[in-house]
Structure formats: structure tokens, C-alpha cells
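The structure under discussion appears below in the form of C-alpha cells.
The values are calculated or read from the model by the stated rules, or taken from the named source; none is laboratory data. Please read all numbers here as calculations on a predicted model, not as lab measurements. As a convention, Cβ positions derive from the backbone with ideal geometry for all residues, glycine included, and neighbour counts pool all protein chains shown.
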Amino acid sequence: MAISSLKKQAAFDKINQKGQRLHSPYCTIVILENVSAFLPKYTDHISLGMKVSKKLGNAVIRNKIKRRVRHLIRTIACSNSLNANLGLIFIPKKNFDKIAFTTLLNVVSHMLNTKLSLRDR
């Protein structure tokens, strides 16, 4: 499963505007299904954007958080076969870098699976 990053502010704005927010104690995820209908450039892969605030730590910590998020999404996409036409904005909360990876994996996969399974009903 290919994962590309959102680069343009217009793409972030469109996903924020049209997407649905999912909350947990560790992060907030804005998810937009069928992202190619709103952003034709983003097709055939998961589009991932991150908002990592300077409040979370210095550059080393922020980069560590970004690596963990990319690995989380890659792991979930491989194991659960997520829809390829998906737009995600990931917003971590305080102490995200100190939480065990397996805990994050369980919470984020549960959030995404719950949202995507509700769509199929």
C-alpha cells in the first residue's frame, strides 16, 4: 500500500473541511474517504498529513513522532488493507512519543476500523 504525504495547504484545508474527526487520548485523526473526488491529484494511495506542534518538543522529538506516525499508518495499512483512496491528517497530543508503540497501534487501528466499518453498514 502506497502512502504519500500531503504537501499543499489547500489539501490540508479540504480534508479539514470535508473530513470527519476521530478523537482519542493520544491523538486526533481527520479522515476523508474518497479523497480523489475533492483532490484529483491524490489517487491510488493513502494521503497522510501531520500537524506536529512545537509544543510537543524540540526538532528531534517532533521528527521521532513523525517517524512513529508513518510507521503506524504503514503497519495498519498492510495488516488491515485500508482503502487506497483515503486522506488522513494526524494530530498527536502531548507525550505521544512516550507511549508504547503497541498501545498506539491498538488505539489508532481501532479508531480507523470503527470509522471504516460504520461506512460499510
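Numbers at a glance
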item: Positions within the range 1-48 being touching a His at 6+ places or on another chain (Cβ under 8 Å) and of a type outside the set (Val, Ile, Thr), in sequence order; result: Met1, Ala2, Ser4
item: Selection count where residues are within 14 Å of Gly49 (Cβ to Cβ), buried (at least 20 other Cβ atoms within 10 Å of the Cβ) and touching a residue at least 60 places away in the same chain (Cβ under 8 Å), scope the range 64-87; result: 2
item: Among (1) in contact with a His (Cβ under 9 Å, 6 or more places away or on another chain); (2) surrounded by 15 or more Cβ atoms within 10 Å (Cβ to Cβ), the one test that Ile99 misses; result: (1)
item: Filter result for Asn85 (within 13 Å of Val108 (Cα to Cα), of a type in the set (S, T, N, Q) and in contact with a helix residue (DSSP H, G or I) (Cβ under 8 Å, 6 or more places away or on another chain)); result: no
item: Scan of the range 3-18 for residues that are touching a residue at least 12 places away in the same chain (Cβ under 8 Å) and not in a helix (DSSP H, G or I), ordered by number; result: Ile3, Ser4, Ser5, Leu6
item: Lys93 surrounded by fewer than 17 Cβ atoms within 10 Å (Cβ to Cβ), within 16 Å of Ala2 (Cβ to Cβ) and not β-branched (Val, Ile, Thr); result: no
item: Any hit, the range 29-51, residues being of a type in the set (A, V, I, L, M, F, W, C), assigned to a helix (DSSP H, G or I), within 11 Å of the chain's Cα centre (by Cα) and surrounded by 14 or more Cβ atoms within 10 Å (Cβ to Cβ); result: no
item: Contacts under 7 angstrom Cβ, first residue in the range 45-63 being in contact (Cβ under 8 Å) with a residue 40 or more places away in the chain and basic (Lys, Arg), partner surrounded by 12 or more Cβ atoms within 10 Å (Cβ to Cβ) and outside any loop (DSSP other than H, G, I, E, B), 6 or more apart; result: Lys51/Ile89; Lys51/Ile91
item: Single residue of Leu86, Leu72 found to be hydrophobic (A, V, I, L, M, F, W, C) and assigned to a strand (DSSP E or B); result: Leu86
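Here's the yes/no breakdown for (1) in a helix (DSSP H, G or I); (2) modelled with pLDDT of 90 or more; (3) within 15 Å of the chain's Cα centre (by Cα):
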site	(1), (2), (3)
Arg62	yes, yes, no
Arg68	yes, yes, yes
Ile91	no, yes, yes
Asn106	yes, yes, yes
